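Taking it in order: structure first as structure tokens, then the write-up.
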Amino acid sequence: MSESPPFSPSRAMGAPARPGLAGALRGLWLLTWRSQLTLRQWPVRLGTLLVLPVLVYMTMAASGRRQLSEVSVPWSRTEPFYHWLINFYFFLILPLTCVRGCAPLIRDELQADTLGFLITRPVSRARLLLLKYACQVAWLEILLLLETLLLFAAGAARGVPALGTLLPLVLGVQMLAVPAWSALGLLLGQLTTRYMAAALLYGAIVEMGIGRIPTNINSLSIIRHLQVLLSQNAAMHGLYAWPSGKVATALGALLVAPVIFLGVAALLFSMVEYHHGAEMQK
């Protein structure tokens, strides 16, 4: 007479013995957005989103009338809007926000002394890293989408022309930029605890230095590829003297860059052993 297997509550309820990819992704996503949307953080989050649109609105109110009679190009009278949107937001705030959001994904777990618990789960280190990255990128896409819409609302309130044709392009390019900058931030977070300083150094050397060299080496610059895509808009092309380039090449570079950054970050996370005490002393 054969013996029956021991009773297991999980088997009785039909639950899987090990969480699958979908279950791990769902759990990490809940941890991501619930920690960001607490009632205590709502006023700060809303205030942060409104700072730049308010500055844009106030700047346009001060300078738009003065430039109206000085130039004939229709978008030049509202030139401050484009400098806020592109120079300040798109090429400075957006990259730093992505780096700040993704670089500490593993470092925060070390600070909270919870990394040891996570890596003992039946999910590989590389997969854990990629899932946390995917959840954070999804959150950043939503957050930065709201920021961009508020910026365009401020511009529309000040009568900036041709925003209807510019908005879809900016949103599309932003969807490509966020994963690239976030993957770079994740890699920098694996390399050093001073990831923001490393991001600024990277920007100075690669984006502001190598990216301006008039040879093929400037293809290493993420900003250069973003400029190629944004220059497809007439206002961007008329306002900025960006170097020309192929759209297909720019799209390919923005798709390949996150893969390279993530691959190196996942490799480091899989190979390096982290110790809470040592990390806390850095």
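Stretch F88-R100 to full length: gain in nm at 0.36 nm per residue minus the Cα-Cα span?
2.7 nm is the gain from fully extending F88 to R100.
Please compute the length gained on full extension between Y240 and L200, using 0.36 nm multiplied by the number of residues separating them and subtracting their Cα-Cα distance.
12.1 nm
Could you line up R107, R45 from fewest to most neighbouring Cβ atoms inside 10 Å?
Ranked by crowding around the Cβ, least crowded first: R45, R107.
Suppose each label sits 7 Å from its Cα in the direction of the beta carbon; what would the L146-A162 distance come out to in nanometres?
3.1 nm
Once phi is turned into θ = phi - 60°, what whole-Hz ³J(HN,Hα) does the Karplus curve with 6.51, -1.76 and 1.60 give for every residue of the range 159-172, x standing for Gly and Pro?
Once θ is set to phi - 60°, the couplings for the range 159-172 become x, 5, x, 6, 6, x, 7, 7, 4, x, 5, 4, 5, x Hz.
Can you pull out the chymotrypsin sites (Phe, Trp or Tyr not before Pro) in the range 194-252 that DSSP calls coil and that have at most 16 other Cβ atoms within 10 Å?
Y240
Count charges around F88 for me, please; just the other residues with Cβ under 14 Å from its Cβ, Lys/Arg as +1, Asp/Glu as -1.
-2
List the residues of the range 151-181 whose backbone N lies under 18 Å from a point placed 7 Å from the Cα of V247 along the Cα-to-Cβ direction.
Taking a point 7 Å out along Cα→Cβ of V247, the residues of the range 151-181 whose backbone N falls under 18 Å are 164-177.
Rank the residues E141, E147 as a footprinting-exposure proxy: fewest other Cβ atoms within 10 Å of their Cβ go first.
Least crowded to most crowded, the residues run E141, E147.
Kindly write out, for the range 263-272 in residue order, the coupling ³J(HN,Hα) from the Karplus curve 6.51 cos²θ - 1.76 cosθ + 1.60 (θ = phi - 60°), rounded to whole Hz, with x marking Gly and Pro.
x, 5, 5, 5, 5, 5, 5, 6, 9, 7
Rank these for me by crowding, S270, S244, going from fewest to most other beta carbons within 10 Å.
Ranked by crowding around the Cβ, least crowded first: S244, S270.
We did not get these values from a lab; they are worked out from the coordinates using the rules stated. Predicted model, so just to flag it, every value in this text is computed and none were measured. Backbone-built Cβ (ideal geometry, glycine too); neighbour counts: all protein chains shown.
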